[in-house]
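Asks: Below is the structure I would like to discuss, written out as C-alpha cells.
The values are calculated or read from the model by the stated rules, or taken from the named source; none is laboratory data. The structure displayed is predicted, hence computed values, not measured ones. Ideal geometry is used to build each Cβ from the backbone, glycine not excepted, and the neighbour counts take in all protein chains shown. Note: areas computed on protein heavy atoms with side chains; ligands, DNA, RNA excluded. Shrake-Rupley method; radii C 1.70, N 1.55, O 1.52, S 1.80 Å.
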Amino acid sequence: MEPSDFSDKQENPTEGSPYPVPKGVAKANAFQPLEVSDEKSPLLSQSVTADVIKKSTENENAVKTPLRFYILGPILFFMIFCFSTNSLIITQYVYDVIEEEEFPGIHFNKSEDENRCYENKTSQEYLDQQEIQRLASTYIIYVSLSSGVPGIFSNLVFASLSDRYGRKPFIFITATGTFIASAMLAVGIYLKWNIYALLVFQFVGGSTGGWIASLSIGFAAVADITRAGKSRAFAIVLIEIAVGMGALVGSALSGYLIDGVGYYKAMIISASVACVAVMFSLIFPETLKKEHSRKHGVLQTFKNIFLFYTEDISSVGKRWKFWACLAALFFSFLSIFGKMGIETLYQLNSPFCWTPVKVGWYTTLRIGLPLVIGMGLVKPFQACMQEHVIGILGSLSYIAGYVLEALATNELMMLIVAFISFMGALPVPIIRAIMSHMTPPEQQGTLFAGVAAVETICAVLGSVTGNAIYAATVDWFRGFTFLLFAGYNVIAGVLIVLLFLDSRMQKTEENVHTKLC
C-alpha cells in the first residue's frame, strides 16, 4: 500500500498515542490524536519542544508568541472593514443608479419623509419600487459570480500552498488584491462607468482571495502557535472578534460616508484602509517553520485537501466527522452570505424605506450584538458546557431571528430580530475549532484551504440563490428568503447535535476503558 499523502518523512507518527490506530489506516497516516496530547508549536525551538513533552506545566510559561503576530488581528480587521464597506457602498450605489436610469425623479430612500415609502401594493409607485428591487437583486448575483467563482480557486491555491511556502506571502497577496480592487472601484464610480464594467474589478478582488483567503490563512497561522483544545478554540474566537469588529466599524461608518462624502470618496476611504492592511502584512512574522512546511509538489498539495474526507487520518480524525463539520459550515455559510445583499435591499424596500444611515446603523447592531454579547460569552460558556452545545445554541438563535425577520412589518420587529440573533455567529468558529482539533499541525493550512473553498462557494451559491429567490418572491412574500435561511440553520444545528452525541459516546467509552485498566 502506498504511503498516505499526509506522510512527509514523519517518524513514528503514532508513537505515544494512547489510542490504537484504526484498521485500514496507513501507519504514516495515523496521527497522534490532537485532543489528548500537546502538539508542537512551530514557533518553539527544538529544546523547548522537548521540554513540552517532558514538562507540560513548565511549558505554559515557555511558550512565547512574537509580538508582531498580533498584527494579524488588525490585518483581518482592515480587510473585513473594506469588504463590508464596499458591499454596502456597491449595493446602494447600484440601487441609486438603477433607480435614476429606470425611474428618473423617484427616490425611495433619500428622505426621512415616510410618505415617500409606498405601501399600497396596487399603486404604480409601489410596483416601480419592486422593479428596482428585482433589478438590483439581479445585479448582486452578477457581483457574487464575478468575485466568487475566481475566489473558489484562489482560496484553494493560497491557503493550501501556505503549508509549503508559509503564511506571510499569501496574506500579503490577498491584502494587495483587495486594495487594488477597491481603488479600481473608486475610479469606476468617479468616472461613472456602466455598473456592469465594475464587475471586472470585482473579478480582480476575487482572483486574489479577498478576506476569506486572509481569514483561512490566519486560522492556519493561529494553529501554528497554539495547541489543540480550548486555547485554540478561544484563539479562533478572538480572530472572529477581530473580523466582527471590522464589519462592525465598516457598517457603522458606511452610511455616514455615503451620506456625507458620496460614493466615490467613501470608496477611496475604503481603499485607503485596505492599503494599511497591505503595509501591516509586510511586517507580519512567518509562523510556519521550515521543518513543518510541506515538501511535496503543488498537485499533491491540492490532493491532500480531500484526504480529510476520504480517509480516517487518526482515531479522532474520522472522515465522517469532517464531513459533518463541513456540511454544518456549508449550511451556516449559505445563510450568512445569502442575507448580505438581500438584507440591505429588504431595508430599502417598503415598509421600511430606510436611508443609508439607518441601513448602516442597523447592520452595525446586527453584527455588534453577536460580537459583543455572543462572542463575549464563549469563555464563560466553555467553563460549563461543551463547544458543541455552544454551537447548537448559536444555531437556535439564528433560526429564531430569521423567522421573525421574514415576518417583520415595522422597525421594532427588526430591532428584536437583532437582539434574538445575538448568538448566531457562534457555530462557525466553534466548528472551525472542532475541525482544527482533529487535524495534525502540519496540515492546518490544507484543512482551512478546503474550508475557505467551501466558504467561497457558499458566498457565491448563497448570494446567487438568495437573490434569485428574493427577486422572484419580493412581489408576494418579501420575507420568504429569510425562512429559507432559517431552514439552513436547522440543518446545521442537527449536524452539530450529531457531533455532540458522538463526543458524549466517545467520552463514555474512554471512561469505561479507564476503569477497566
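Asks: Can you run down the residue pairs with Cβ atoms below 6 Å, 6 or more apart or on separate chains, where the first is in the range 181-201 and under 14 Å from Ser147 (Cα atoms) and the partner is open to solvent by 70 Å² or more (accessible area, probe 1.4 Å) and modelled with pLDDT under 95?
Replies: So the pair list comes out as Leu199/Tyr142.
Asks: If you don't mind, there's one more thing I want to ask. Quick check, is Val249 open to solvent by 40 Å² or more (accessible area, probe 1.4 Å), in a helix (DSSP H, G or I), within 23 Å of Phe422 (Cα to Cα) and of a type in the set (Val, Ile, Thr)? Can you show your working first?
Replies: On the way: open to solvent by 40 Å² or more (accessible area, probe 1.4 Å): yes; in a helix (DSSP H, G or I): yes; within 23 Å of Phe422 (Cα to Cα): yes; of a type in the set (Val, Ile, Thr): yes.
For Val249, the condition - open to solvent by 40 Å² or more (accessible area, probe 1.4 Å), in a helix (DSSP H, G or I), within 23 Å of Phe422 (Cα to Cα) and of a type in the set (Val, Ile, Thr) - is met.
Asks: What pairs come out if I take residues in the range 339-363 that are farther than 21 Å from Ala266 by Cβ and pair them with residues that are among the acidic types (Asp, Glu) whose C-beta lies under 6 Å away, six or more apart or interchain?
Replies: Correct list of pairs: Ser350/Glu119; Pro351/Glu119.
Asks: Would you list the helices (runs of 4 or more DSSP H) that sit entirely within the range 301-391 and hold 3 or more residues that are surrounded by 18 or more Cβ atoms within 10 Å (Cβ to Cβ) and in contact with a Gly (Cβ under 7 Å, 6 or more places away or on another chain)? Walk me through how you get there before you give the answer.
Replies: Details: elements: 319-348, 356-369, 378-384.
Helices (runs of 4 or more DSSP H) meeting the threshold: 319-348, 356-369.
Asks: Which of the residues spanning the range 140-184 are of a type in the set (A, V, I, L, M, F, W, C), within 20 Å of Met279 (Cβ to Cβ) and surrounded by fewer than 23 Cβ atoms within 10 Å (Cβ to Cβ)?
Replies: Listed by number, the residues that qualify are Phe172, Ile173, Ile180, Ala183, Met184.
Asks: If we scan the range 449-469, do we find a residue that is under 30 Å from Ser350 (Cβ atoms), part of a helix (DSSP H, G or I) and without any contact (Cβ under 8 Å) to a residue 60 or more places away in the chain?
Replies: Restricting attention to the range 449-469, the residues satisfying the condition of being under 30 Å from Ser350 (Cβ atoms) are 458-469.
Adding the requirement that they be part of a helix (DSSP H, G or I) leaves 458-469.
Remaining after also requiring without any contact (Cβ under 8 Å) to a residue 60 or more places away in the chain: 469.
Within the range 449-469, one or more residues are under 30 Å from Ser350 (Cβ atoms), part of a helix (DSSP H, G or I) and without any contact (Cβ under 8 Å) to a residue 60 or more places away in the chain.
Asks: Another question, if that's okay. Restricting attention to the range 202-221, report how many residues are crowded, with 22+ Cβ neighbours inside 10 Å, over 13 Å from the mean Cα position of the chain (by Cα) and assigned to a helix (DSSP H, G or I).
Replies: Step one: filter the range 202-221 for residues crowded, with 22+ Cβ neighbours inside 10 Å, giving 202, 205-206, 208-221.
Now restrict to residues that are over 13 Å from the mean Cα position of the chain (by Cα): 202, 205-206, 208, 220-221.
Subset that is assigned to a helix (DSSP H, G or I): 202, 205-206, 220-221.
Adding up the residues that qualify gives 5.
Asks: Being over 19 Å from Ile241 (Cβ atoms) and touching a residue at least 60 places away in the same chain (Cβ under 8 Å) is the filter here; which residues of the range 407-427 pass it?
Replies: Correct list: Leu407, Ala408, Met414.
Asks: Give me the pairs, please: first residue somewhere in the range 298-310 and modelled with pLDDT under 75, second residue anywhere and in a loop (DSSP other than H, G, I, E, B), beta-carbon distance under 7 Å, and either six or more positions apart or on two chains.
Replies: Gln300/Asp5; Thr301/Arg294
Asks: Next question, about the same structure. Out of (1) crowded, with 24+ Cβ neighbours inside 10 Å; (2) touching a residue at least 40 places away in the same chain (Cβ under 8 Å); (3) under 18 Å from the mean Cα position of the chain (by Cα), what's the single condition that is false for Gly394?
Replies: In the conditions (1) crowded, with 24+ Cβ neighbours inside 10 Å; (2) touching a residue at least 40 places away in the same chain (Cβ under 8 Å); (3) under 18 Å from the mean Cα position of the chain (by Cα), Gly394 misses (2) alone.
Asks: Please go through the range 445-459 and give me each residue that is farther than 19 Å from Leu334 by Cβ and open to solvent by 10 Å² or more (accessible area, probe 1.4 Å), ordered by number.
Replies: none
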